[in-house]
4 protein chains.
Amino acid sequence: MVVRAAVAGASGYAGGELLRLLLVHREVEIGALTANSNAGQPLGALQPHLRPLAGRVLQPTTPEVLAGHDVVFLALPHGQSAAVAEQLGDEVLVVDMGADFRLKDAADWEKFYASPHAGTWPYGLPELPGGRAALAGSKRIAVPGCYPTAVSLALFPAYAAQLAEPEAVIVAASGTSGAGKAAKPHLLGSEVMGSMSPYGVGGVHRHTPEMIQNLSAAAGEPVTVSFTPTLAPMPRGILATCSAKARPGVNAEALRTAYEKAFADEPFVDLLPEGQWPATAAVYGSNAVQIQVAYDEAAGRIVVISAIDNLAKGTAGGALQSMNIALGLPEDTGLSTIGVAP
Amino acid sequence: MVVRAAVAGASGYAGGELLRLLLVHREVEIGALTANSNAGQPLGALQPHLRPLAGRVLQPTTPEVLAGHDVVFLALPHGQSAAVAEQLGDEVLVVDMGADFRLKDAADWEKFYASPHAGTWPYGLPELPGGRAALAGSKRIAVPGCYPTAVSLALFPAYAAQLAEPEAVIVAASGTSGAGKAAKPHLLGSEVMGSMSPYGVGGVHRHTPEMIQNLSAAAGEPVTVSFTPTLAPMPRGILATCSAKARPGVNAEALRTAYEKAFADEPFVDLLPEGQWPATAAVYGSNAVQIQVAYDEAAGRIVVISAIDNLAKGTAGGALQSMNIALGLPEDTGLSTIGVAP
Amino acid sequence: MVVRAAVAGASGYAGGELLRLLLVHREVEIGALTANSNAGQPLGALQPHLRPLAGRVLQPTTPEVLAGHDVVFLALPHGQSAAVAEQLGDEVLVVDMGADFRLKDAADWEKFYASPHAGTWPYGLPELPGGRAALAGSKRIAVPGCYPTAVSLALFPAYAAQLAEPEAVIVAASGTSGAGKAAKPHLLGSEVMGSMSPYGVGGVHRHTPEMIQNLSAAAGEPVTVSFTPTLAPMPRGILATCSAKARPGVNAEALRTAYEKAFADEPFVDLLPEGQWPATAAVYGSNAVQIQVAYDEAAGRIVVISAIDNLAKGTAGGALQSMNIALGLPEDTGLSTIGVAP
Amino acid sequence: MVVRAAVAGASGYAGGELLRLLLVHREVEIGALTANSNAGQPLGALQPHLRPLAGRVLQPTTPEVLAGHDVVFLALPHGQSAAVAEQLGDEVLVVDMGADFRLKDAADWEKFYASPHAGTWPYGLPELPGGRAALAGSKRIAVPGCYPTAVSLALFPAYAAQLAEPEAVIVAASGTSGAGKAAKPHLLGSEVMGSMSPYGVGGVHRHTPEMIQNLSAAAGEPVTVSFTPTLAPMPRGILATCSAKARPGVNAEALRTAYEKAFADEPFVDLLPEGQWPATAAVYGSNAVQIQVAYDEAAGRIVVISAIDNLAKGTAGGALQSMNIALGLPEDTGLSTIGVAP
């Protein structure tokens, strides 16, 4: 199979990471690369690490440019995907790496994104219960947010196995690439190096309803989520510390068993041996998820830690994994579980 | 007043930070500096940033060397302070920057430190209710742990005002200096740069009972604590994300009011204006604590963020603040609320 | 003495560092703080580490606002200082932290800054031969560039002692704060963390003629300078590696002696003991300069390494040191040689 | 072809990087993995990023364990390779990633390594003049040092084209992984983050004679090298700033032409478009070398900047590239020019 793929939004971090992965995907041929303000520039000036594509010139994001591809990846700012997708035709696989089609509840969308709800597409997190079935053969995929990827994988087994009370508390640290490539003063190297700081505190971060959607589906009942994201002095990586009160009768063994069962056949989930803890460095550039669980008996809480690369499994790698499923390719085609460390 | 101060353990990070602060404390004259394996070396070889003391030679930690001082600071590994303190005499102010005398409950000590309980000294966190009274005139001070400092200051007002349910969930990120200067592979720059990782997960970190002690005292009832520490790629700083379920009837205004009241007269606590969030960079090298609170109505939780410099307010600055109180000096003598940023 | 000081450009990195130092300068009272686009904002929103000034509101940079001060510091973009200085009157001490008045040669200025030459003020590097005499009593001071500070202090003794051939080769690494607070994509944390990169290669960096001016003056003959600046993944600090061919007959002893003599009475220059090398961490936040020299016999070259804090000794600390001299205050008033480390 | 490869020294940084690359080399089957003090441990505990090998147990480095492989990579401390190599038989390809067989001059070896010279093997830098011919079919390969790789590639074209005077001045910044995984205090994260510092100044670094050997060969006359290495706050990467006086008559065009010619057919050398400069982030995890040249007319010097990943092209990637040549495989098998950025 040769899959011809276009990338709309190739000059940003998500688009760049997608290209890094597509370059080694043996079934994909890279087609049009588009941008908005950067159209007309060679990719090498904007993504100097993608040497084989250095001479490719960015085109404007128009229907004509995007036509004639089997897959179109949208790495666009929130709210722009629907208009582009409509022009692409139903036979094209459209993979939206933005938020536009993630939420099922229009009210949630409107509350958190302050714009009209565009709809809901099959959700690109194959590891969730029913996740692969929803993606197989689909022509539209909504790639999950980076935080919801890390958090949902960490907690859904506890909820699916009815081990946890429906009130999750999550604190996650993200590398700065999660905030994108637009130059803002608080994202300057001078500001972020040597500093940890929170943002979107108190339930206002846009990824919160997406986590609630995923965890509630796993639990079969509404789950509340207290989510605090923090910015860490590193370019990539998310470390999510997720906890919930244990249901009566839960113990460490039951917890471990539930996680071993949930991830027994997952190619990208690395439930670590007991005593070893996740580290974002270990999944740098990789599509793997490292997970470890603990039962804090004194506090009566289940604590689950997950580590992902926010740009890889958290965005572009997750997008490719779902594309593979949608196209009927082996799920791990072009995806690695080997990190670049130290 | 001229206070003659000795520092036992001057070659480590806590001892070095203490000396940095003592050098600008106008009432203190720096006396003996001791070390164990580094005795005999000039301080300049081990603490090259402390230029005015570069030529001072480290002495062994003996009663003779420590004799003749008004204050002796102990920056020793856990379990070594009691033996040294006994030799110093009751008229000397002994400030223990280790853990030995922090916990009131011997069983807690034995469980978390696996050694006999040495006793309990007045606790050096002046901002806690009754904190200053316990320190005034005291000849023994137990300096709090760095995490308990950040966490207790963040949550005690909510507990003292009966706003929070007695189950606290805390995730904190610390700079690497909190792990000390002993060379261990997982603390190498190659390992920590670009990585976030947890440790001591599941209620096993030694600072957990200290937090429970402080928060339970503030609440007037037992508080459970789920505490997860993480290692962040920065040399200094702690960012603590602390939350608890709100009691019925709590709202954002009540929460803000409780914190404004608790910290109205505190020289080192910076309850930030609404909309501004703590950052460890802003308290780099300073004795200030930045705090911000939020009420997450959907999750029904109080979320409090605090940022400190783990070596300053979290260790050496806190030690000096308590020393000032014990000696009857103005509490802020030699202490600054100005950070070194960016 | 109470010196009333205004700071024009208080929202940037240089202005912020100056305020950090002025806050502990016992003879200075901080007067007007001005900004351009940030005028009207409280300083606490822009410089959250300067807690004692958090409530001060930035004013526009006008003659009226700047009137009535004993000293006015200009931390403005290049080319703006002359117009402001003209309005201030000859009796006011004006300290320009920009480049406008550093170069003596108008042709150099025009070539490197592409604008008309504003003139030349006494140069604020007291450690240079004749440096203090030029500053004493002066009402105008041109603060040196950060790189020229590190480089000139490293090499002038070798040139003054006629030990080095007049062709200097310099490679320096700077922390990102040297590039200022304006948000540019290549200065994002995501870009700079984990990366070293050069800029201004091939003799085009604006600090090159300033180095040539200083070294030629020390040598008594024209010195050429090959200067390559690099951006390092750290917020602060300059490490300059400076070398030149040794003149015939030079040996290690002669070199060491020349440096010991040059810096024997310098309060801020720390010529390190043999075997110890400079590190930017050791001068973090301090006005100290660490210097070490080596003679590479096989290559026939003198190698000198210097480390400074680019914002402190390299900008704001150097400005204060020169101000102290100009006003007849003890030179080290308000300035520290103690770094914040680790 | 199936090449069965053993790695002696699989628990260190060089060994780990080699395994990361071997895992995606389609002609290689990974055989024995050995270690010294870490023998008996699962690789997953020491190299958690190499998930597909997590369960492999490290064996002791003995002839029996290393027997039966087509290729044996030695990632051992200096001085240990000769003894192991002797036991392996002449039909086995032995690739030494240590220094033991790099230097041709026994006196150089003895001076810089203070031990008897083991001999000289074909040198694994294919891009040097005659480099590939020396490697084709060879059963022994000496992998170059990381600094000599970056420096030799940067300067050999200038010397080979007789453009540069035979006195090179080099300042290079390296990530901390270059110093290895042994825990030493000065390599702690607390020490290296936020700091730049030099080491091995004055011609004493062991890589100096290797650079001299390579550059002298290219020039056809003895070249002196003044080399100053510095430690940068990043895990990986070398940025080398290399300069030499231009010979009479040299200009920018001649310089550019020489470099374009030297690298026209090199698969891993990325001579950047004019105006773009190397950055270590762009080659993170990649086997590419970024190079840019400038002619500083005022100083009369050629300035060449190169960026590599010290563990990839600088060690393990270079080793694989040479192995491919020795075995008659396509030179880029298993090697990528795509960096992991940001």
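The values are calculated or read from the model by the stated rules, or taken from the named source; none is laboratory data. It should be emphasised that the depicted structure is a prediction, and the values quoted were computed from it without experimental measurement. Cβ: placed from backbone, ideal geometry, glycine included. Neighbour counts: every protein chain shown. For the accessible areas, the whole protein counts, side chains as well, though only heavy atoms, and no ligand, DNA or RNA atoms are used. Shrake-Rupley method; radii C 1.70, N 1.55, O 1.52, S 1.80 Å.
Things to note:
- Identity of the residue in region B:177-194, under 15 Å from the mean Cα position of the chain (by Cα) and in a helix (DSSP H, G or I), that ends up nearest to B:THR257 (Cα to Cα): B:GLY178
- Residue satisfying condition, being closer than 30 Å to B:ALA14 by Cβ and either more than 14 Å from chain B (Cβ to nearest Cβ) or out of contact with any Pro (no Cβ under 9 Å at 6 or more places or on another chain) (or both), within set D:LYS139, D:LYS184: D:LYS184
A quick yes/no check of all residues on (1) of a type outside the set (Phe, Trp, Tyr); (2) under 17 Å from A:GLY55 (Cα atoms); (3) over 19 Å from the mean Cα position of the chain (by Cα):
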{"site": "D:PRO248", "(1), (2), (3)": "yes, no, yes"}
{"site": "D:VAL269", "(1), (2), (3)": "yes, yes, no"}
{"site": "D:TRP277", "(1), (2), (3)": "no, yes, yes"}
{"site": "D:ALA288", "(1), (2), (3)": "yes, yes, no"}
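- When C:VAL303 is tested against (1) outside any helix (DSSP H, G or I); (2) among the hydrophobic types (A, V, I, L, M, F, W, C); (3) in the same structural domain as C:LEU76 (by the TED database), exactly one condition is not met: (3).
- Scanning region D:260-300 for residues that are part of a loop (DSSP other than H, G, I, E, B), open to solvent by 30 Å² or more (accessible area, probe 1.4 Å) and either more than 12 Å from chain C (Cβ to nearest Cβ) or among the aliphatic types (A, V, I, L, M) (or both) yields D:ALA264, D:ASP265, D:PRO267, D:PRO273, D:ALA298.
- Just one of the listed residues (D:ALA168, D:ALA136, D:ALA161, D:ALA154) is surrounded by fewer than 24 Cβ atoms within 10 Å (Cβ to Cβ) and within 27 Å of D:GLY300 (Cα to Cα), and it is D:ALA161.
- Look at region D:78-94: where a residue is in the same structural domain as D:VAL65 (by the TED database) and a partner is exposed (fewer than 13 other Cβ atoms within 10 Å of the Cβ), sitting 6+ places away or on another chain with Cβ atoms under 6 Å, you get D:GLY79/D:SER115; D:GLN87/D:PRO63.
- Test: C:SER216 is part of a loop (DSSP other than H, G, I, E, B) and farther than 24 Å from D:ALA252 by Cβ: no
- Extreme residue, most open to solvent (accessible area, probe 1.4 Å), among residues of region C:15-51 that are within 11 Å of chain B (Cβ to nearest Cβ) and among the small types (Gly, Ala, Ser): C:ALA45
- Qualifying residue in region B:126-140 (condition: in the same structural domain as B:ASN214 (by the TED database), among the small types (Gly, Ala, Ser) and in contact (Cβ under 8 Å) with a residue 12 or more places away in the chain): no
- Condition met for C:ALA173 (in a strand (DSSP E or B) and either assigned by the TED database to the domain that holds C:TRP277 or open to solvent by less than 40 Å² (accessible area, probe 1.4 Å) (or both)): yes
- Residue pairs meeting the criteria (Cβ under 7 Å; at least 6 apart or on separate chains; first facing chain B (nearest Cβ under 7 Å), in region A:231-245; second of a type in the set (Lys, Arg)): A:SER243/A:ARG301
- A:GLU27 vs. criteria assigned by the TED database to the domain that holds A:ALA106, among the acidic types (Asp, Glu) and in contact with a strand residue (DSSP E or B) (Cβ under 7 Å, 6 or more places away or on another chain): yes
- Within region A:9-43, the set of residues being hydroxyl-bearing (Ser, Thr, Tyr) and outside any loop (DSSP other than H, G, I, E, B) comprises A:TYR13, A:THR34.
- Among residues of region C:182-194 being in contact (Cβ under 8 Å) with a residue 24 or more places away in the chain and open to solvent by 10 Å² or more (accessible area, probe 1.4 Å), the one that is nearest to C:HIS117 (Cα to Cα) is C:MET193.
- Residue check: B:THR337 meets all listed conditions (1) more than 16 Å from the chain's Cα centre (by Cα); (2) open to solvent by 20 Å² or more (accessible area, probe 1.4 Å) but one, namely (1).
- Exactly one residue out of C:LEU255, C:LEU320 is surrounded by 23 or more Cβ atoms within 10 Å (Cβ to Cβ) and either more than 10 Å from chain B (Cβ to nearest Cβ) or in a loop (DSSP other than H, G, I, E, B) (or both), and it is C:LEU320.
- Filtered residues of region B:301-317 (kept if open to solvent by 10 Å² or more (accessible area, probe 1.4 Å) and at the interface with chain A (Cβ under 7 Å from one of its Cβ atoms)): B:ARG301
- Condition broken by D:ILE212, with the remaining ones in (1) open to solvent by less than 10 Å² (accessible area, probe 1.4 Å); (2) facing another protein chain (nearest Cβ under 9 Å) satisfied: (1)
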